[in-house]
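Below: the structure, in structure tokens.
What follows draws every value from the coordinates through simple rules; no lab data is involved. From a predicted model like this one, the values you see are computed outputs, not experimental measurements. Neighbour counts run over all protein chains shown; Cβ positions are idealised from the backbone, glycine included.
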């Protein structure tokens, strides 16, 4: 029954409640303006809010050289997003990233498994603590220096791994 | 006289997995600097017998490199002219 419900796209009751910790990296076109980025981030934030997710941080890595060309562009603007979400929200976020042609590439990785409601709550609350460096290494010389989002919310922990 | 074939097999000291030796080192797909040590200049993943990783960490490294490639942090291959 459960499998069938999943296959047909219905969310099961259990899925709806469970929060997991994910991180999504997405690469946008390097020629985008500041406004383009803020609308994109705004969209993500609103999606997350409606989907009952919680964004721990969004890091702006700036423009980096890509390992290979994507759509004739050899550079890309990297963003790393660390958040708590239920699986259906991840699906929704990825669908939106896929539809957005400004986003060259994206990838979501599950960092932590099913969080108990208490830990999820604790994670949410510790947020306004200290500022945490992004997990990514400081960008090498010759690249745009990393700057944080103005609205960036510092997360409590470093790596979930 | 015996042929020196057996002798020619050079003995090599067993390499120690860097990640086992130093537990502070974390394998992360976003950390391209570390991952860069485990690929050839053409971008291929180094085999365990060269890098000296233990099986567990080699698996982690492999997964991390593949993730990094997927999101274009690392190249799949570097084609030299």
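Using the Cα atoms of the stretch B:31-81 to build a convex hull, what is its mean projected area in square nanometres?
Taking the Cα atoms of the stretch B:31-81, their convex hull projects to 3.5 nm² on average.
Divide the volume of the convex hull of the Cα atoms of the stretch A:17-123 by its number of residues and quote the answer in cubic angstrom per residue.
So the per-residue hull volume is 92 Å³.
How high is the relative contact order of the stretch B:31-81, given as a whole-number percent (alpha carbon pairs under 8 Å, six or more residues apart)?
Normalised by residue count, the contact order of the stretch B:31-81 is 45 percent.
7 Å from Cα along Cα→Cβ at both residue B:44 and residue A:65: what's the point-to-point distance in nm?
Between residue B:44 and residue A:65, the label points sit 2.3 nm apart.
Using a Förster radius of 35 Å, what is the FRET efficiency between residue B:55 and residue A:94 based on their Cβ-Cβ separation? Nearest 0.05, please.
0.60
How far apart, in nanometres, would the label points at residue B:22 and residue A:37 be if each is projected 7 angstrom from Cα along the Cα-to-Cβ direction?
It works out to 3.2 nm between the two label points.
So how much slack lies between residue B:77 and residue B:15, counting 0.36 nm per residue of separation and subtracting their Cα-Cα distance, in nm?
Gain on stretching residue B:77 to residue B:15: 19.7 nm.
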